[in-house]
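Novice: Structure in structure tokens, see below.
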Amino acid sequence: MGNALQISSRREGNDSAVLSLQGEVDVSNSDLVKNAAVSLLADNVQRLVIDLSSTEYLDSAGLGILVGLLKRVNESARSLVIAGARPQVKRVFEITRLNGVFTMRDDVASALQEVA
Amino acid sequence: MSTVATSQIELKLPRKPEFVKLARCTAWTLAAQLDFVVSQADDIRLAVGEACTNAVEHVPASASQDIIVRFHIAPEKLVVEVVDDGPGFDLDRVGQCDCDEIGGLGLVIIRSIMDEVDVVCDPKTGTCVRMTKFRNPQ
């Protein structure tokens, strides 16, 4: 059964990065998201944008990874912003009330302004 | 699908993360074929995915290697049971959405999006998460 998730990243300036998740994030691949984000943070990224504009599905396993990343970022005085979540994905944040925990923006451009 | 000849469909899946998608996609397809509106089919898909994820993540390795997903089809509703032989949920802790207790989020989500949810934990037979979605008028 193939991996339904494509992960890509790009640097923005000296210390920002955008991590884009295309496809479905679930228990089978959420560790890949964690590894990609941790790798960016280890590479001196101070401001991280998680781009969910092409994320078709996100479950509690994916949310757990994002919460773990947020804790890690907050503990090291960095920042993390969620960008472009589609309605179905945004609803999962709302159900769990994590929309009040994360900084969420409508698109990557707005998120990058937030972390600038 | 205007009529469904079978009133019950059962899947037996390996208790592995890569098969959770198969369960939730089957749930979505069935709900769509039963003329549930898309938002309801999306809810059923998410709920089945969360129940299966719980079975994958929280059942000890010594338990059975299978998950049973049963769909009970009725004119006004779809009932889905996800069954494993693990010890089940700590029901006293479920329902509180706390970022420090992320493991409980799955059942919080299920209870938020399904119309009825029952969790039966039996040390002898395992755990059954029974979820019901009533059909909205078109």
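Novice: Run the numbers on region A:5-115 and let me know its relative contact order in percent, using alpha-carbon pairs under 8 Å that are six or more apart.
Specialist: Computed value for region A:5-115: 26 percent relative contact order.
Novice: Could you rank the peptides B:78-86, B:47-55, A:16-24, A:69-77 by their average count of other C-beta atoms within 10 Å per residue, with the highest value first?
Specialist: B:47-55, B:78-86, A:16-24, A:69-77
Novice: Turning to a different aspect of this structure: Cα centroid distance between region A:1-59 and region A:85-111, in Å?
Specialist: Answer, in whole Å: 15.
Novice: Expressed as a rounded percentage, what relative contact order does region B:8-134 have, with Cα pairs under 8 Å and six or more residues apart?
Specialist: Rounded, it is 26 percent for region B:8-134.
Novice: Same structure, new question: Counting only helical runs of four or more DSSP H residues, what would the 222 nm mean residue ellipticity of the protein assembly as shown come to if each run contributes -39,500 (n - 2.57) and the total is spread over all its residues?
Specialist: It lands at -11000 deg cm²/dmol.
Novice: Can you give the FRET efficiency to the nearest 0.05 for A:Lys34 and A:Asp107, using r as the Cβ-Cβ distance and R₀ = 30 Å?
Specialist: For A:Lys34 and A:Asp107, the calculated efficiency is 0.80.
Novice: How shielded is A:89-97 by partner chains, expressed as the average number of their Cβ atoms within 10 Å of its Cβ atoms?
Specialist: The mean count of partner-chain Cβ atoms within 10 Å per residue comes to 4.
Novice: Kindly identify region A:5-115 as rounded, prolate or oblate by the Cα gyration tensor criterion: order the square roots of the eigenvalues as a ≥ b ≥ c, call it rounded if a/c is under 1.5, otherwise compare a/b with b/c, prolate if a/b is larger, else oblate.
Specialist: Because its axes are fairly even, with a/c under 1.5, region A:5-115 counts as rounded.
No value in this document is a laboratory result; all are computed from the given coordinates. These numbers were taken from a predicted model, which means no experiment stands behind them. Glycine gets a Cβ as well: all are built from the backbone with ideal geometry, and neighbour counts include every protein chain shown.
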